[in-house]
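The structure under discussion appears below in the form of structure tokens.
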Amino acid sequence: MADTHFLPQASLDTLFAALTRDGRRILAPVDRDGRTELNPVEHADEVASGCLQTVLSAKEAAFPKVERLLSYTLAPGAVALQDAEPQARPTVLFGLRPCEASGFRALDAVFNWDTRDSFFNARMTALAVIGMSCTRRDEACFCTSVGGGPGATAGSDILLTPVDGGFLAEVLTDKGRAMAALAPEAFRPDPGLEKKVVEVPVAFDPAALTVRLKDLFDNGIWAEQSLRCLGCGACAFVCPTCVCFDLVEEADAKGGRRLRTWDSCGGARFTQHASGHNPRSTQAQRWRQRIYHKFSYYPERYGMLGCVGCGKCTRACPVDMNLQEHLLAAAQA
Amino acid sequence: MDVIATSRQLLESGAVQAVIGFEAGTRGIPRPAFIRRAEGAGALVFDANCTQNLGTYLTRPEVRTLGRVAVTATPDTLRAILQLMAERQLKEEDVLALAVDATGEALELPTAQAVEEHLAMVAQVLPDRDREALERLGRMTREERWAFWQGEFARCVKCYACRNSCPMCYCGHCTMDCNRPQWVAEPSHALGNLEYHMVRAMHLAGRCVACGACGRACPVGIPVHLLTFHGEESVHRQFGQRAGASSRLDYALSTFRPDDKETFIR
Amino acid sequence: MSEPNLYLPHLMRIAKITEEAPAVRTFRLEFLDQAAADAFAFRTGQFGLYSAFGEGESTFCIASSPTRKGYIECTFREVGRVTAALADKEVGDVVGFRGPYGNVFPIEEWQGKNLVFIAGGIALPPLRSVIWNCLDLRDRFKDITIVYGARSVADLVYKEELKAWADRPDVNLVVTVDPGGETPDWTGKVGFVPPVLEHLAPSPADTIALVCGPPIMIKLTLPVLARLGFPPEGIFTTLENRMKCGLGKCGRCNTGSSYVCKDGPVYTLEQLNHLPAEY
């Protein structure tokens, strides 16, 4: 049941102050040196206006690029293990685009499938999302082709849509209601506001693509598409749904720690055995893995796509591996 | 003949098995393209926006197996080709460089000597923005410079877009891949990021052809190219040579000449 | 407070080290914490991630049988950073263990059947767990045949257990070494495992085949089993892939849509025929 309000632009600071008083950190898009970054803010005027998206996704709030999982001290013949307390600061993601907000679901599918990841869950429990609908798009966006949309509510606790003088505020979840209750004066009655968002025409049918992929595993298209791919991790690291990680040990004679870090299936050594054997030794195989993981294995294993159509990968790629373009070409192969 | 006609002819005659060039990409920005059949040559473009250093593809196994390749080459790419030859990674007969002049005319440069002579007529000039940035860094105190780079590296996510877009980072087993010993901390925390960028800058001193591809590739906008540019300027000052000037260049940091400056001996 | 830390290993003391072959060792590990030891259970086919604290984790099958309580065993070859650190350890040292992970050999479905175990080199460990599991429940199975080969006599692992199996009247053991790998006093067979198997010609009737070996051995053994009439759903093997989490989360070990750490490591040939060979 829709719980909608009018949030005046001028009341944003009231809301921010209330959230800060409640002990929450606010992360929002911030303009810096020509980039849009996701940074801590305290006042509404720090938030970037008119930006499309941040470069890095907000997944870092729940799945940081480096996270300690455990530590230990060493003595001759003895090891003392220390469990790591998940670091979960109460955080509000403000201004998150609907595509990104829906991405947390894909992270949750992996982190909580079969066994539950305490680190991710602690951060997600402490996280709330105030999303921002899109009134602009660029050529890299394709949210509507993967079940999303510029005004979609999935993943947001409150979704704001720009209107004259402020925002239409849809309060969607218990977390959203708890935030609104911190600054009730900011959430005025909805006088019948119209939710206007940009149009993003659907470019392809993902279910048809998933079916088509079953026949394309050995197709030469992956070698062709991946010729210019550099095999770096830019696409994986900016992606809101990419979740592959590495476990890294750092230690000296007295003790050490085990860390979880982001990793990318595009890297040459990702699947290499200690013997030197590498099941995915060509970039073509690694590019194919990226596509299949998101559009074939995710639907098969978790009943959802592993892509939200945000286009961050396309924008971040140094050689313009335009995902939407490659998917369309694959669908027609 | 322009790039398209030249490429078409080269592919039709079998003189090359592939042309590595640029095609129009998303939002009109050119991106690398691999043309294997003459009919595909019409997609090729070559203008001031073609900045990715195509030399980075010349050492990749998937590209080597294509056969002899032609490469549409900016001066940066030509320098990369010469430096790769100097480092014995490329043979003259494996690559045909296609320089493009101001009128769009393609010039075939089939030998190292042809490339060297062509480059001799093109002044290697740092872009203003980068020269100013280097000057700004040079005016900083050590503490200020340290703080600047610490701030920049904090954004690094160790995606290695910089390394992978560099024509000189062709090692099949990069220092970063080595875990016995673990030369460089792998995670993208402060130490891991600092170690990586410092090691890369050192590995490129005397080898960097100053194309700036690394800095452009960085998705979070760290100007890593300034590190390697600075290394290159430093080598030029101390040893009087520039990477990419010739296909027979010794590596500055492992070559001893009796007239090397010994200003470090005090 | 919250959920348990999935990545926290058990601390294990090395109770026994056996030098099986050049660069190949077996560790017998005992839980430091008695409560953890009492609560621990696994089934044959499962694996774990073993920590050399200071270096990292490595993946090995649990090579002992679940019927033997109080310890687990793993057999590994020194090949990289972590295994080199493990190889340096002595009896009494502490290592880590996370597990058991992965799926299992469905031995309860094989009651009343004949079992043929075919293994090569360092790939005997996963089958050794099954062999002892079945031998400890011997009357549930009919004929048990083991065909095991290695490059040379020195490379044979579990040398003492091979003698024990050879001495049992209820086991048919055939051991072979590659041509050129025999010693002057070698009394076993000389020849590669696939032709030795073909010569032995076990009947497929009511028989389950388990095959573990280096890729080339598997590649040449499967056609032999097909020629002998073994159906794909009656041939079991284990896959190995680079692993880090063992939990189906880090995204590394998949072959096609199948994660070796969760849907494997035990697969039938029938299953593998429907998966790409990304291993």
Which helices (runs of 4 or more DSSP H) does the range A:225-310 wholly contain that include 3 or more residues that are within 13 Å of chain C (Cβ to nearest Cβ) and modelled with pLDDT of 95 or more? A:283-292, A:298-302
Of the residues B:Gln124, B:Gln150, B:Gln113, only one is farther than 30 Å from B:Ala185 by Cα and modelled with pLDDT of 95 or more; which? B:Gln113
Output for the range B:18-50, where each listed residue is surrounded by fewer than 15 Cβ atoms within 10 Å (Cβ to Cβ) and either in contact with a Phe, Trp or Tyr (Cβ under 6 Å, 6 or more places away or on another chain) or not acidic (Asp, Glu) (or both): B:Arg27, B:Gly28, B:Ile29, B:Arg37, B:Gly42, B:Ala43, B:Ala48, B:Asn49
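Table: residues versus (1) more than 23 Å from A:Ala62 (Cα to Cα); (2) surrounded by fewer than 18 Cβ atoms within 10 Å (Cβ to Cβ); (3) at pLDDT below 95; (4) within 14 Å of chain C (Cβ to nearest Cβ).
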position: A:Leu93; (1), (2), (3), (4): no, no, no, no
position: A:Ala106; (1), (2), (3), (4): no, no, no, yes
position: A:Asn112; (1), (2), (3), (4): no, yes, no, yes
position: A:Ala181; (1), (2), (3), (4): yes, yes, no, no
position: A:Glu185; (1), (2), (3), (4): yes, yes, no, no
Scan the range C:161-186 for residues that are assigned to a helix (DSSP H, G or I) and either buried (at least 16 other Cβ atoms within 10 Å of the Cβ) or under 17 Å from the mean Cα position of the chain (by Cα) (or both) and report the count. 3
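Answer with yes or no whether B:Ala106 is under 21 Å from B:Gly244 (Cβ atoms) and part of a strand (DSSP E or B).
yes
Is it the case that the range A:274-285 has a residue that's in contact with a Lys or Arg (Cβ under 7 Å, 6 or more places away or on another chain), of a type in the set (Ser, Thr, Tyr) and within 25 Å of C:Phe60 (Cβ to Cβ)? Give the steps one after another, and end with the answer.
Within the range A:274-285, the first condition is being in contact with a Lys or Arg (Cβ under 7 Å, 6 or more places away or on another chain), and the residues that meet it are A:280.
Next, from what is left, pick out any that are of a type in the set (Ser, Thr, Tyr): none.
Among the residues of the range A:274-285, not one is in contact with a Lys or Arg (Cβ under 7 Å, 6 or more places away or on another chain), of a type in the set (Ser, Thr, Tyr) and within 25 Å of C:Phe60 (Cβ to Cβ), which makes the answer no.
Mind checking whether some residue in the range C:250-262 is surrounded by 20 or more Cβ atoms within 10 Å (Cβ to Cβ), of a type outside the set (Ser, Thr, Tyr) and in a helix (DSSP H, G or I)?
no
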Here the residues within the range C:238-247 that are closer than 21 Å to A:Asp108 by Cα and either touching a helix residue (DSSP H, G or I) at 6+ places or on another chain (Cβ under 8 Å) or of a type in the set (Lys, Arg) (or both) are C:Lys244
The lone condition B:Arg216 fails out of (1) under 17 Å from the mean Cα position of the chain (by Cα); (2) surrounded by fewer than 18 Cβ atoms within 10 Å (Cβ to Cβ); (3) outside any loop (DSSP other than H, G, I, E, B) is (2)
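Residue by residue, here is whether (1) surrounded by 12 or more Cβ atoms within 10 Å (Cβ to Cβ); (2) of a type in the set (Val, Ile, Thr); (3) more than 17 Å from the chain's Cα centre (by Cα) holds:
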{"site": "B:Thr141", "(1), (2), (3)": "no, yes, yes"}
{"site": "B:Gln150", "(1), (2), (3)": "yes, no, yes"}
{"site": "B:Cys159", "(1), (2), (3)": "yes, no, yes"}
{"site": "B:Tyr170", "(1), (2), (3)": "yes, no, no"}
{"site": "B:Asn179", "(1), (2), (3)": "yes, no, yes"}
{"site": "B:Val184", "(1), (2), (3)": "yes, yes, yes"}
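Just to check your reading of the model, which residue among A:Phe111, A:Phe120, A:Phe104, A:Phe63 is among the aromatic types (Phe, Trp, Tyr) and out of contact with any Lys or Arg (no Cβ under 8 Å at 6 or more places or on another chain)?
Numbers: A:Phe111 fails: out of contact with any Lys or Arg (no Cβ under 8 Å at 6 or more places or on another chain); A:Phe104 fails: out of contact with any Lys or Arg (no Cβ under 8 Å at 6 or more places or on another chain); A:Phe63 fails: out of contact with any Lys or Arg (no Cβ under 8 Å at 6 or more places or on another chain).
Matching residue, one of A:Phe111, A:Phe120, A:Phe104, A:Phe63: A:Phe120.
For the range A:206-213, state whether one or more residues are more than 28 Å from A:Pro90 (Cα to Cα), surrounded by fewer than 13 Cβ atoms within 10 Å (Cβ to Cβ) and of a type in the set (Lys, Arg).
Initial filter on the range A:206-213 (more than 28 Å from A:Pro90 (Cα to Cα)): A:206-213.
Narrowing further to those that are surrounded by fewer than 13 Cβ atoms within 10 Å (Cβ to Cβ): A:207-208.
Add one more test, that the residue is of a type in the set (Lys, Arg), and what stays is none.
No - not one qualifying residue is present in the range A:206-213.
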Failed criterion for C:Arg81 (all others in (1) buried (at least 20 other Cβ atoms within 10 Å of the Cβ); (2) out of contact with any Phe, Trp or Tyr (no Cβ under 8 Å at 6 or more places or on another chain); (3) of a type in the set (Lys, Arg) hold): (1)
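Go through the residues of the range B:245-262 one by one and say whether even a single one is part of a helix (DSSP H, G or I), farther than 27 Å from B:Glu92 by Cα and of a type outside the set (Lys, Arg). Before you say what the answer is, go through the steps one by one.
From the range B:245-262, those part of a helix (DSSP H, G or I) are B:252-254; that's our starting set.
Pick out the ones that are also farther than 27 Å from B:Glu92 by Cα and you get none.
No, the range B:245-262 has no match at all.
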Residue under question is B:Glu116, and the condition is that it be in a helix (DSSP H, G or I) and out of contact with any Cys (no Cβ under 9 Å at 6 or more places or on another chain); does it hold? yes
Within the range B:171-205, can you find the residues that are more than 12 Å from chain A (Cβ to nearest Cβ), in a loop (DSSP other than H, G, I, E, B) and modelled with pLDDT of 95 or more? B:Ala205
By residue number, the members of the range C:241-257 that are more than 7 Å from every other protein chain (Cβ to nearest Cβ) and in contact with a Cys (Cβ under 8 Å, 6 or more places away or on another chain) are C:Met243, C:Gly246, C:Cys253
Take the range A:214-224 and flag every residue that is more than 8 Å from every other protein chain (Cβ to nearest Cβ) and aromatic (Phe, Trp, Tyr). A:Trp222
Is it the case, given these coordinates, that B:Asp76 is part of a helix (DSSP H, G or I) and touching a Pro at 6+ places or on another chain (Cβ under 9 Å)? yes
Going through (1) within 14 Å of A:Val243 (Cβ to Cβ); (2) at the interface with another protein chain (Cβ under 10 Å from one of its Cβ atoms); (3) at pLDDT 95 or above one by one, A:Lys59 fails only at (2)
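For the range A:12-24, give me the residue count where each residue is surrounded by fewer than 20 Cβ atoms within 10 Å (Cβ to Cβ) and touching a helix residue (DSSP H, G or I) at 6+ places or on another chain (Cβ under 9 Å).
Narrowing the range A:12-24 to residues surrounded by fewer than 20 Cβ atoms within 10 Å (Cβ to Cβ): A:13-14, A:17-18, A:20-24.
Right, trim to touching a helix residue (DSSP H, G or I) at 6+ places or on another chain (Cβ under 9 Å) and you get A:13-14, A:18, A:21-22, A:24.
The total comes to 6.
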Please give the strands (runs of 3 or more DSSP E) falling wholly within the range A:1-89 in which 3 or more residues are more than 21 Å from A:Gly131 (Cα to Cα). A:66-75, A:78-83
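Out of all the residues in the range B:209-222, is one or more in contact (Cβ under 8 Å) with a residue 12 or more places away in the chain and more than 14 Å from chain A (Cβ to nearest Cβ)? Outline the logic, then answer.
First, pick out the residues of the range B:209-222 that are in contact (Cβ under 8 Å) with a residue 12 or more places away in the chain: B:209-222.
So of that shortlist, the ones also more than 14 Å from chain A (Cβ to nearest Cβ) come out as B:209-210.
Yes, the conditions are met somewhere in the range B:209-222.
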Got a number for residues in the range C:145-159 being surrounded by fewer than 22 Cβ atoms within 10 Å (Cβ to Cβ), touching a residue at least 40 places away in the same chain (Cβ under 8 Å) and not hydroxyl-bearing (Ser, Thr, Tyr)? 3
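The values are calculated or read from the model by the stated rules, or taken from the named source; none is laboratory data. What you see is a predicted model; the values in this text were computed from it and never measured. Virtual Cβ from ideal backbone geometry, glycine too; neighbours counted across all protein chains shown.
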